[in-house]
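**Q** There's a structure below that I have some questions on.
The values are calculated or read from the model by the stated rules, or taken from the named source; none is laboratory data. Quantities reported herein were computed from a predicted structural model and do not represent experimental measurements. Every residue, glycine among them, receives a Cβ derived from its backbone with ideal geometry; neighbour counts consider all protein chains shown.
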Amino acid sequence: TESTEEWLQQYVDDWIAFYRKHTHEGEVASYIPVLQEANADHLGISIIGKNGTNIRSGDTDVPFTIQSISKVLTFIVACMERGISYVLDRVDVEPTGEAFNSIMHLEMKQVKKPFNPLVNAGAITVASLLEGKSSDQKLEPLFELLEKMLGYRPHLDIDVYESERDTSMRNRAIGYYLLEMGYLESDLNISLEAYFKQCSIEVTIDDLAKIGMILANDGFDPSTDEEIIPRQVARLAKALMLTCGMYDASGKFAAYVGIPAKSGVAGGIIALAPARVRDEELPFIDGCGIGVYGPALDKQGNSIAGIRLLRHIANKWDLSIF
Ligand code: GLN
């Protein structure tokens, strides 16, 4: 009802005002130089229910690059193109407990494939599995999927792309290691180029909330009555988000927040409350998607105020899947 919506809106406005003060405890990413231009005070949230209800608050209209959140989407596309078992033969589904761009764990742990698709090593491997001879061909199905979900075709932030590409020593080091181990299915440079481009796609928190809502509903978009992602692939993506989505803070996030989520170093977080019939008072939150933006990051590279805001909301609305 309208009054419930007003009540929810008031709460979310209060929480944004409160957690905005926490942004100064974090820092914007600087290892990709252009990301440093972000405004560290920004904090925004968008929540979309499966009935279309949209609660938005704070800095809702600031576009940002999707960064690591794209890893969930390319994993989904690779599974749709190649089949789940083909992909999982080449990249595992185990958390690393290490930083997202760790090289050390690859060699130390003597694995036969990268740990999971949501850290850089796994994501570069997944980029190599995408079909196509050029990076643009590889990413075309991703753009088509995004267009289906969002109703428009997002574009690349060329400055961020070039900035990342030109300072990509660590990702290239990871790439050469993957190449040496025989994990890559296509040319290293094309795979890296696809990876840098996918990270540079510009989105808003409304976009993240919409994608989250579709994942919350197992790949089904209630607004168009269409299955956009196969149910099994959506389930797998959510399991990976829960176990590996927040890098080496994934365990804490699962314990204290308890919902699938994925962060990116530009400050975005996608989160969702898997659909299950539960709270009759708040049907809106069942199966909702959440987009958060707050570029001031904690040490693990997650939005510092964004995580606290999500933790607060998840507790207040009893979102934990456990
Ligand atoms: N493009 C970034 C990188 O590879 C993505 C990392 C992230 O968002 N954590 O370093």
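**Q** Looking only at the range 297-310, count every residue that is surrounded by fewer than 24 Cβ atoms within 10 Å (Cβ to Cβ) and in contact (Cβ under 8 Å) with a residue 60 or more places away in the chain and tell me the total.
**A** The number of residues fulfilling the criteria is 4.
**Q** Name the residues in the range 211-240 that are of a type in the set (D, E) and in contact with a helix residue (DSSP H, G or I) (Cβ under 6 Å, 6 or more places away or on another chain), would you?
**A** D218, D221
**Q** Here's a follow-up. List the residue pairs whose Cβ atoms are under 9 Å apart, where the first residue sits in the range 176-204 and is on the phi > 0 side of the Ramachandran plot and without any contact (Cβ under 8 Å) to a residue 60 or more places away in the chain, the second is more than 13 Å from the ligand (Cβ to nearest atom) and not in a helix (DSSP H, G or I), and the two are 6 or more positions apart or on different chains.
**A** Partner pairs satisfying both residue conditions: none exist.
**Q** Please enumerate the residues belonging to the range 96-147 that are surrounded by 15 or more Cβ atoms within 10 Å (Cβ to Cβ) and of a type in the set (K, R).
**A** K113, K138
**Q** Can you name the residue in the range 42-93 that is assigned to a strand (DSSP E or B) and under 22 Å from V28 (Cα atoms) and is also nearest to the ligand (Cβ to nearest atom) among such residues?
**A** By that ranking, first place goes to T65.
**Q** Another one. Just the residues that are away from the ligand (no atom under 15 Å from the Cβ) and surrounded by 21 or more Cβ atoms within 10 Å (Cβ to Cβ), please, taken from the range 255-271.
**A** Pass one, the range 255-271, residues away from the ligand (no atom under 15 Å from the Cβ): 255-260, 271.
Once the filter is applied, which keeps residues that are away from the ligand (no atom under 15 Å from the Cβ) and surrounded by 21 or more Cβ atoms within 10 Å (Cβ to Cβ), the range 255-271 yields V257, I259, P260, A271.
**Q** Could you list, in sequence order, the residues of the range 144-187 that are among the charged types (D, E, K, R), more than 15 Å from the ligand (Cβ to nearest atom) and assigned to a loop (DSSP other than H, G, I, E, B)?
**A** R153, E185, D187
**Q** A further question on this structure: Check the range 225-244 and report whether any residue there is at pLDDT 95 or above, outside the structural domain of I76 (by TED's automatic domain parsing), assigned to a loop (DSSP other than H, G, I, E, B) and surrounded by fewer than 24 Cβ atoms within 10 Å (Cβ to Cβ).
**A** Yes, that holds for at least one residue.
**Q** Tell me yes or no: at least one residue of the range 111-121 is in contact (Cβ under 8 Å) with a residue 24 or more places away in the chain and closer than 21 Å to L310 by Cα.
**A** Among the residues of the range 111-121, at least one is in contact (Cβ under 8 Å) with a residue 24 or more places away in the chain and closer than 21 Å to L310 by Cα, which makes the answer yes.
**Q** Every residue in the range 299-322 that is of a type in the set (V, I, T) and under 19 Å from G267 (Cβ atoms), please.
**A** I304, I307, I313 - these are the residues of the range 299-322 that are of a type in the set (V, I, T) and under 19 Å from G267 (Cβ atoms).
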